[in-house]
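The values are calculated or read from the model by the stated rules, or taken from the named source; none is laboratory data. Everything numeric in this text was worked out from a predicted model, so none of it was measured. When we count neighbours, we look across all protein chains shown, and the Cβ atoms used for this are built from the backbone with ideal geometry, even at glycine.
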Amino acid sequence: MLQNLKAGEDQGWRQFVHLYTPLIYVWCRKAGLQESDSADVCQEVFRAVSSGINGFHYENPSHSFRGWLWTITRHSLSKHFGREEKSPKAAGGTDAIARLSQVPDWIDDDEFPEAESAESEVIRRAAELIRGDFNEKTWQAFWMSAVEEIPASEIAERLGMTNNGVRQAKFRVVARLKEFVGFL
């Protein structure tokens, strides 16, 4: 997906929007934005990703796509609250600066269970998109191992595979998910 984004391919952008909109939206809502403002900030994030995607490179394991996306989102939130602060408001003023100061520097899944749920949704959607890249037996072995947490020996027996074959199937699918999503 990241290569497709960098190449400016429509499919890459459709996949990106499909995968990451829920996560960006949750981040915006957790920052205190209303639904319509969250949708606006999502669009700003998409524009920023579009103009900056070629500058994103994995230089070490701590440089995740998700982290880069969070940085862009945080910057877009900051710009949104800055515009809100400068706009004329009705009597009573605004609490935008207070809300902005409550935006975390990172998403702590214990503090924000919705973020964990949104990340799970990203992975689920990515899995749907890559499922066709694998034969049915490989997919079943992965699913039973990674999602259903069935022991490899039981999966091997059910699917007529070796234990090593089950582990290899899981490894291949997880590697493809990592490549596709960029943050696992």
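Summary of values
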| item | result |
| --- | --- |
| Any hit, the range 114-124, residues being at pLDDT 80 or above and either part of a helix (DSSP H, G or I) or not assigned by TED's automatic domain parsing to the domain that holds Lys178 (or both) | yes |
| Qualifying positions in the range 19-50 - touching a Lys or Arg at 6+ places or on another chain (Cβ under 9 Å), assigned to a helix (DSSP H, G or I) and of a type in the set (Gly, Ala, Ser) | Ser38 |
| Failed item, numbered, when His57 is tested on (1) in a helix (DSSP H, G or I); (2) modelled with pLDDT under 80 | (1) |
| The range 155-181 residues that are outside the structural domain of Ser64 (by TED's automatic domain parsing), paired with ones that are aromatic (Phe, Trp, Tyr) and outside any loop (DSSP other than H, G, I, E, B) (beta carbon under 6 Å, 6 or more apart) | Ala169/Phe142; Lys170/Phe142; Val173/Phe142 |
| Positions within the range 1-17 being touching a helix residue (DSSP H, G or I) at 6+ places or on another chain (Cβ under 9 Å), surrounded by fewer than 15 Cβ atoms within 10 Å (Cβ to Cβ), of a type outside the set (A, V, I, L, M) and on the phi < 0 side of the Ramachandran plot, in sequence order | Gln3, Lys6, Glu9, Asp10, Gln11 |
| Residues within the range 1-46 that are farther than 20 Å from His57 by Cβ and free of Cβ contacts under 8 Å to residues at least 24 places away in the same chain, tallied | 11 |
| Of all residues in the range 1-18 being of a type in the set (A, V, I, L, M) and assigned to a helix (DSSP H, G or I), the one that is modelled with the highest pLDDT | Val17 |
| Count of residues meeting criterion [surrounded by fewer than 19 Cβ atoms within 10 Å (Cβ to Cβ) and either modelled with pLDDT under 85 or farther than 23 Å from Arg124 by Cβ (or both)] in the range 19-43 | 6 |
